[in-house]
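Worksheet: one structure, shown below.
The values are calculated or read from the model by the stated rules, or taken from the named source; none is laboratory data. Remember, predicted model here, so these are calculated numbers, not experimental data. Every residue, glycine among them, receives a Cβ derived from its backbone with ideal geometry; neighbour counts consider all protein chains shown. These area figures cover heavy atoms from the full protein model, side chains too; ligands, DNA and RNA do not enter into them. Shrake-Rupley method; radii C 1.70, N 1.55, O 1.52, S 1.80 Å.
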Amino acid sequence: MLFFSYFKDLVGREVTVELKNDLAIRGTLHSVDQYLNIKLENTRVVDQDKYPHMLSVRNCFIRGSVVRYVQLPPEGVDIELLHDATRREARGG
Amino acid sequence: MVLGVREIRFSGEPVLDRDNGEELMRVQPGTDIVLGNLPRESPGTLYITTKQVIWVSDVDKTKGYAVDFLSISLHAVSTDPEAYPLPCLYTQIDTEEADDDLSDSESNPIEQDLSNVKEMRLIPSDPTQLDTLFAIFCQCAELNPEPNDDEEEEEHDWVFSADQMVDEEAEDEDYISHNPVNSIGQSNGNHDLARTILELQINDRRFEDAEEMDDNEDGTHH
């Protein structure tokens, strides 16, 4: 639940989603659901030489289970807030 | 569950697994399909169900392909002619095969091994339908979350659940044997009546305590 509510706060920001097959896609976070499925807009592939055919797609839906990392914009990371949230989550409250 | 694209043979329309809640979401006639680096196949009809995507050739209506939504790791609307000459719905397929296998399938085009197909493009004759198809794919993906998120193997999940059930039953038995209320209700002897009266007395005493507490509180207020 922590990740879900955190990612919801990041809607509208630029993120880079790295998939388990090494493909990394950068785009504006459009939405995220409870399974951490991610919808991106105005996407582009980070490593364009390796994946030329994915040069640009208008919008993109990524299955939560294939996501390895999500790179966040530094200004979207409130360390204090995250710290509190993780502590609360660890306490189970 | 079978990962990846599979070739299917049937007569007439695709049969849905309605007992397991599979429903038809959309039929999109006039849709071409491109699997991996294989040649484009056309024309065909696309059936989107709550569980899978099925493409049936219009030329040979017994021939088609199916892929479960569980295997579709990504889908996107591709309209850039540099990415692909025609506007299409681009999908990536999770095959759980090593990436190196891709070159093998290219070198041997006669024996088509669909288990290596990692990409699928769906090209509707009417490109204005792409956004609708994209939205339906999103909807269906959300209907198909990972069945075994916490467990490595589905079979382990079953064993684990069975153990849990046994434990829960044992706990229930403990609860019944230690709970005096149940033994009172089980027979109508005088002994039980006596216990009921005893309980009433306890309740009375509790009631008195509560009143005293209220009095004390009143005292502090005034």
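Pairing each residue of region B:66-77 that is within 7 Å of chain A (Cβ to nearest Cβ) with any residue that is in a strand (DSSP E or B) and among the acidic types (D, E), provided the two are 6+ apart or on different chains, yields no C-beta distance under 7 Å. The residues in region B:17-36 that are open to solvent by less than 30 Å² (accessible area, probe 1.4 Å) and free of Cβ contacts under 8 Å to residues at least 40 places away in the same chain can be counted, and the count is 1. Looking at region A:66-78, can you tell me whether even one residue there is under 11 Å from the mean Cα position of the chain (by Cα) and part of a loop (DSSP other than H, G, I, E, B)? So far as region A:66-78 goes, yes, one or more of its residues are under 11 Å from the mean Cα position of the chain (by Cα) and part of a loop (DSSP other than H, G, I, E, B).
The set of residues in region B:35-81 that are under 27 Å from A:R26 (Cβ atoms) and out of contact with any strand residue (DSSP E or B) (no Cβ under 7 Å at 6 or more places or on another chain) comprises B:N37, B:L70, B:P81. Any chance region A:33-54 includes a residue that's of a type in the set (V, I, T), in contact (Cβ under 8 Å) with a residue 60 or more places away in the chain and more than 14 Å from every other protein chain (Cβ to nearest Cβ)? The answer is no, given that none of the residues of region A:33-54 is of a type in the set (V, I, T), in contact (Cβ under 8 Å) with a residue 60 or more places away in the chain and more than 14 Å from every other protein chain (Cβ to nearest Cβ). Condition check: surrounded by fewer than 16 Cβ atoms within 10 Å (Cβ to Cβ) and not polar (S, T, N, Q). Does A:A90 satisfy that? Yes; evaluated as a whole, the condition is true for this residue.
Here's a check for you: in region A:5-25, which residue that is within 14 Å of another protein chain (Cβ to nearest Cβ) and assigned to a loop (DSSP other than H, G, I, E, B) is least open to solvent (accessible area, probe 1.4 Å)? It comes out as A:L23. Every residue in region A:32-45 that is surrounded by 15 or more Cβ atoms within 10 Å (Cβ to Cβ) and of a type outside the set (D, E, K, R), please. A:V32, A:Y35, A:L36, A:N37, A:I38, A:L40, A:T43, A:V45 - these are the residues of region A:32-45 that are surrounded by 15 or more Cβ atoms within 10 Å (Cβ to Cβ) and of a type outside the set (D, E, K, R). Figure legend. Inter-residue proximity from region A:1-12: first residues of a type outside the set (S, T, N, Q), second residues open to solvent by 40 Å² or more (accessible area, probe 1.4 Å), beta-carbon distance below 6 Å, spacing 6+ or different chains. Indicated pairs: A:L2/A:E89; A:F4/A:Q34.
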